[in-house]
Amino acid sequence: MDLARIPRRRYTAGHTPIEFLANLSRELGGPRIHIKRDDLLGLTAGGNKTRKLEFLMADAINSGADTIVTTGAVQSNHCRLTLSAAVREGMSCYLVLEERVPGSYHEEALGNHFLFRLLGVDGTEVVPAGTDLQGAMEQMAEDLRGRGRQPYIIPGGGSNDLGALGYAACAAEIQAQAFDAGPSFDHIVCASGSGGTHAGLLAGQQALSSRIPVTGISVRADKAGQEAKIRNLANAALGRLGLDPVVTEEAVQVVDDYVGPGYSLPTDEMTAAIQLFARTEGILLDPVYTGKTAAGLIGLIRQGRFASDEDVLFLHTGGAPALYAYPDAALKDVDA
Ligand SMILES: Cc1ncc(COP(=O)(O)O)c(C=O)c1O
């Protein structure tokens, strides 16, 4: 894989750290849990979208765009980071916000919504759940062209074949870090939402002949639908790299037991995971993505899915600003 051929902006200096979580590993009785700190990526408050945006923003700039249009949920980390990248590049940014949970949009909301305002978003349109988001973004882009702008549309989550290359690059980074300082990881656990993270890791590993099993914890979709989506996207990312679409069905593993009542809706397991990471390691997770993903990791450990002498890498994909929009869910008393 030659990622150096593909135009890229840089928003993070160097690698994100991989840390051994001694207290959490002890608390859970093994395996050895390590964390890849992609919550420390560059742009406003970090998170996985920063890696995807390095490729997507380079493409936008090369296309002559002066304005970015994208979409996400009302507390979207992706929208926060895309807006942040646009600010960095001196571009305008417009957001189509999908109110996935009826009544969840509040003009004065904190968390990411507050940051949209602080970062100076140029315009937002709030649409109901189930809206054709691609259509809404194209309409917005058409209106902007009518006003003399040159818009570039970034899909939800930055999850197309180009954005997924951010996580192919992350797979290469993990391999280099394991080679440099060890350990050699036996499993990777990550969130699986719009899919670019999970699919990019699989594509990158395939391209590197690396075979660490990746388990994606779904935050929204059912297992079958999510696995099909991830496989298609991973193979599309390989196509971008000029490689054959060789990601197999067996390589794509999604667990959908931790979604709870739905996307962004709290679960007790999520709350317990957020509290455990905070109180054993001082690490903040978020209620929508990494809290549920960590609940999945803990659940798999308790089911005996990993041997106690194995090294498991938990990918921290960011999202902590959303905590400040869900303080009650994070502080609720739950049985750990
Ligand atoms: C903090 C965080 N973690 C994980 C994800 C899921 O990543 P992906 O959309 O690439 O599947 C998202 C997506 O918005 C996110 O904001």
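Readers should treat all values here as calculations from the given coordinates under stated rules, not as data from a laboratory. Here the structure is a predicted model, which is why all the values come from computation and not from measurement. Cβ sites come from the backbone with ideal geometry, for glycine too, and all protein chains shown count toward neighbours.
With 0.36 nm allotted per residue and the present C-alpha distance subtracted, the SER308-LEU40 stretch has 93.7 nm of extension available. At 20 °C and a viscosity of 1.002 mPa s, what translational diffusion coefficient does Stokes-Einstein give for segment 49-158, taking Rh as the Kirkwood radius over Cα pairs? Give it in µm²/s as a whole number. Approximately 156 µm²/s, per Stokes-Einstein.
With a Förster radius of 35 Å applied to the beta-carbon distance between ASP143 and LEU110, the computed FRET efficiency rounds to 0.75. Counting only GluC sites (Glu not before Pro) that sit in a DSSP loop (anything but H, G, I, E, B) with at most 13 other Cβ atoms within 10 Å, what is the longest stretch of the chain containing none of them? Segment 109-248 is the longest. The value of relative contact order for the chain, using C-alpha pairs under 8 Å at least six residues apart, is 21 percent. For the chain, the share of DSSP beta bridges that are antiparallel, to the nearest 5, is 10%. Between ASP222 and LYS332, the distance separating the two model label sites (each 7 Å from Cα on the Cα→Cβ line) works out to 2.4 nm.
For segment 286-335, place one equal point scatterer on every Cα, skip the solvent, and apply the Debye formula. What is log10 of I(q)/I(0) at q = 0.22, 0.25 Å⁻¹? With no solvent term, the Cα-only Debye profile gives -0.86, -0.97. Each residue of segment 242-251 was assigned a 3J(HN,Hα) from its phi angle through the Karplus expression (A = 6.51, B = -1.76, C = 1.60, θ = phi - 60°), giving x, 10, 6, x, 9, 6, 8, 4, 5, 6 Hz with x at Gly and Pro.
Under 5 Å from the amide H of VAL189 lie the amide H atoms of THR215, LEU313, PHE314, LEU315, each residue being 5 or more positions distant or on a separate chain, with H modelled from the backbone and absent for Pro and chain starts. Which whole-number percent of Cα pairs in segment 245-336 have a distance greater than 20 Å? Here the tail beyond 20 Å accounts for 37 percent of pairs. Near the amide H of VAL126, within less than 5 Å, lie the amide hydrogens of LEU97, all on another chain or at least 5 residues away, with H placed in the peptide plane.
Normalised Debye scattering of segment 1-120 at q = 0.24 Å⁻¹ gives log10 I(q)/I(0) of -1.30, counting only Cα atoms as equal scatterers and leaving out solvent. Kirkwood-type hydrodynamic radius, the chain: 19.9 Å, calculated from all non-identical alpha-carbon pairs. Coordinate range of the alpha-carbon atoms in segment 143-285 per principal axis, descending: 52, 37, 30 Å. The mean sequence separation of alpha-carbon pairs under 8 Å and at least six residues apart, normalised by the residue count of segment 47-94, gives a relative contact order of 45 percent. Counting beta carbons within 10 Å around each of TYR289, TYR324, TYR258 and listing the fewest first gives the order TYR324, TYR258, TYR289. Dividing the mean sequence gap of close Cα pairs (under 8 Å, 6+ apart) by how many residues segment 49-158 holds gives a relative contact order of 38 percent.
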